[in-house]
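Mind having a look at this structure? Questions to follow.
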Amino acid sequence: MKKIIITSIDLFLVIAMVLSITSVKTNKKKITITNRQYYVNSKKIKVELEEVPIVNVSTEEQQEDDKVQEQEEIKEEEVIEEESTIEQEEPKEIEVPEQQEVVEEKKEEVIVPSILTGKVSGYGADIGEYTSYGYSIKDRITYFDDTYGNLRILAAGSEYPYGTVVKITGSSQGEILGIVLDRGPNIGEGKKFLFDILYQTSEEAYRTGVEEVEYQILRMGW
């Protein structure tokens, strides 16, 4: 029987090589030593080591540290997210100044009546008791209007409806505000007289006579 002699120095070298091999992951590696030759009875042999599991203790510790650090980072991220959610500033309400209502003053259009000219005559309340409008003139020659107050009664043509208010100037009686409540055969545009002014008596109307006056229509009918 052939004997294989391996010196203690050779075994020490082999063990030192195995222990010096480290890896990040635990793997089984096949280590083949071909650079060392052994001779037994003048015959060269090859020493082949079987797969030896190499456990790197420092790698396990590193992995454990990595797990702890990863958990700490996750916790830090969760805390940051919570703080950012809490610290989000609520949107500030922008105070919009109240718009001042612009009150537009409505300018009333003032219509200035045209100044016209024409002839006026007079008639007395003693010739009848009622005007053609049906207003009693037995003891009065005026009519009270809610807008213009007391007005002298006038006779006019049909072109001026009942209720028309006329301002007469240039008469010997001064300024007269009258209202159309009567008609007459010779009264109206294109006729002998434009208006007839009511007096207390026919004699008073006769004394006044016919006058050329200026007039303005303040209101056309009711």
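The values are calculated or read from the model by the stated rules, or taken from the named source; none is laboratory data. Quick caveat: nothing in here was measured; it's all calculated off a predicted structure. With ideal geometry, Cβ positions are generated from the backbone for all residues, glycine too; neighbour counts draw on all protein chains shown.
For Gly124, which of the numbered conditions (1) buried (at least 19 other Cβ atoms within 10 Å of the Cβ); (2) small (Gly, Ala, Ser); (3) touching a helix residue (DSSP H, G or I) at 6+ places or on another chain (Cβ under 7 Å) fails to hold?
So Gly124 meets the others, but not (1).
Could you tell me which numbered condition Ile176 fails, if it satisfies all but one of (1) among the aliphatic types (A, V, I, L, M); (2) surrounded by fewer than 20 Cβ atoms within 10 Å (Cβ to Cβ); (3) in contact (Cβ under 8 Å) with a residue 40 or more places away in the chain?
So Ile176 meets the others, but not (3).
Restricting segment 142-173 to residues that are within 18 Å of Glu204 (Cα to Cα) and polar (S, T, N, Q), which is surrounded by the most Cβ atoms within 10 Å (Cβ to Cβ)?
That would be Ser171.
Which condition number in (1) among the hydroxyl-bearing types (Ser, Thr, Tyr); (2) exposed (fewer than 14 other Cβ atoms within 10 Å of the Cβ); (3) assigned to a strand (DSSP E or B) is the one that Tyr206 fails?
(3)
Just to verify a result, which residue in segment 121-133, among those that are assigned to a loop (DSSP other than H, G, I, E, B) and without any contact (Cβ under 8 Å) to a residue 24 or more places away in the chain, is farthest from Thr208 (Cα to Cα)?
Glu129
Here is a list: Gly163, Gly184. Which entry is on the phi > 0 side of the Ramachandran plot and assigned by TED's automatic domain parsing to the domain that holds Val120?
Gly163
What pairs can you find where one residue is in segment 134-161 and farther than 19 Å from Leu218 by Cβ, the other is of a type in the set (Asp, Glu), and their Cβ atoms are less than 6 Å apart, with a gap of 6+ or different chains?
Once the first residue is farther than 19 Å from Leu218 by Cβ and sits in segment 134-161, its partners that are of a type in the set (Asp, Glu) give Lys138/Glu129.
Scan (1) in a loop (DSSP other than H, G, I, E, B); (2) buried (at least 17 other Cβ atoms within 10 Å of the Cβ) for the single condition Gly190 breaks and write down its number.
Result: Gly190 passes all but (2).
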